[in-house]
Amino acid sequence: MNIGLFGGTFDPVHRGHLAFAQEALDRYKLHRIYFVPANVPPHKQHQPLSPFVHRFAMLALATARQKAFIPSLLEAPPPEEDAAAIRTNPIRSNPVRRNNKSAGQEKPNYTIDTVRRLKQSFKASDKLFVLIGMDAFADIAKWHQAEALFRECEFIVANRPGYSLADVANALPESLRPRPEVTKPFHKHAATGDLVLEGASIHLLGDLHQAASATAIRQAAAVGKPLGRFVDALVAEYLQKIGLYRAAKQSRPFEGLGTGSVDRRQVAAVRNAPASPRKR
Ligand code: ATP
């Protein structure tokens, strides 16, 4: 079976994520895709982040109608840890502040560990594809055990306008990167099709025309803008009920889990937010 793994913060999961996953499912004949929200995303450890339970709940709602999409607890926090984080700050928690732990004390969720854990349940004929956006793939060489990751799985990359095949090749860890004379002609090629190299298989999906961005959605939610265009209707309803990204004054104290405090930088960002989400 072909199995997909789609990791991220999903704060919140949006239509861009879902369109990408659906396209990957259809194009590469995947049997299922695990959506894996990270408890401690390695590259966002110093940013405020909604509690894992909320991000997971939204994923469960957004994927409910597609049998092949499976919300996964592969990177879930230990149960007592998430509960403590919610008691401390029910609306926006920052992994750095959780359980009075300081930065670096909580183990980040490295994709290589998740991939290896997932593959323990695989049959010999199963094949793993990691789904990733081009913005994240551009930094892949800095990921923990990046070369090993390319040996463990193939990648399906959602391209963004403006990226060429050379950008994809040059993002690879040095030992896998083709020589400059090889990638030179790649500059003229849009990043679509398959790039199969020794030690790396990358499948590129063209621009999916889904401009949704989680950052812009959080900003829109904070000022009470309608979200139906950007997130699944059930997710929009959940956000409305819980008041997840609402600015402090507007949150409803005793509803759901909301007693609301929002990171100051977040509120400032909201005040300066553009009317429509940025194109990713
Ligand atoms: P934020 O704005 O909070 O950084 P994000 O959506 O970029 O949000 P994640 O939730 O971690 O961040 O994204 C999970 C994965 O989905 C990443 O690989 C990212 O590149 C990819 N992704 C994000 N938005 C889109 C989109 N509109 N289309 C396709 N892939 C996307």
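Of the peptides 142-148, 158-164, how do they stack up when ordered by the mean number of other Cβ atoms within 10 Å, highest first?
Going by the mean number of other Cβ atoms within 10 Å, highest first, we get 158-164, 142-148.
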- Please report, in whole Å, how far the alpha carbons of segment 2-205 spread along each principal axis, starting with the longest. 55, 36, 34
- In nm, to one decimal, how far is the modelled label at ARG151 from the one at VAL196, with both set 7 Å along Cα→Cβ? 2.1 nm
- Message: Can you list residues from other chains, or at least 5 along the same chain, whose modelled amide H is less than 5 Å from the amide H of GLN145?
- Response: none
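FYI, it's all coordinate maths here, none of it is from the lab. No experiment lies behind these values; they were computed from the predicted model shown. Heads up, the Cβs are rebuilt from the backbone with ideal geometry, glycines too, and the neighbour counts pull from every protein chain shown.
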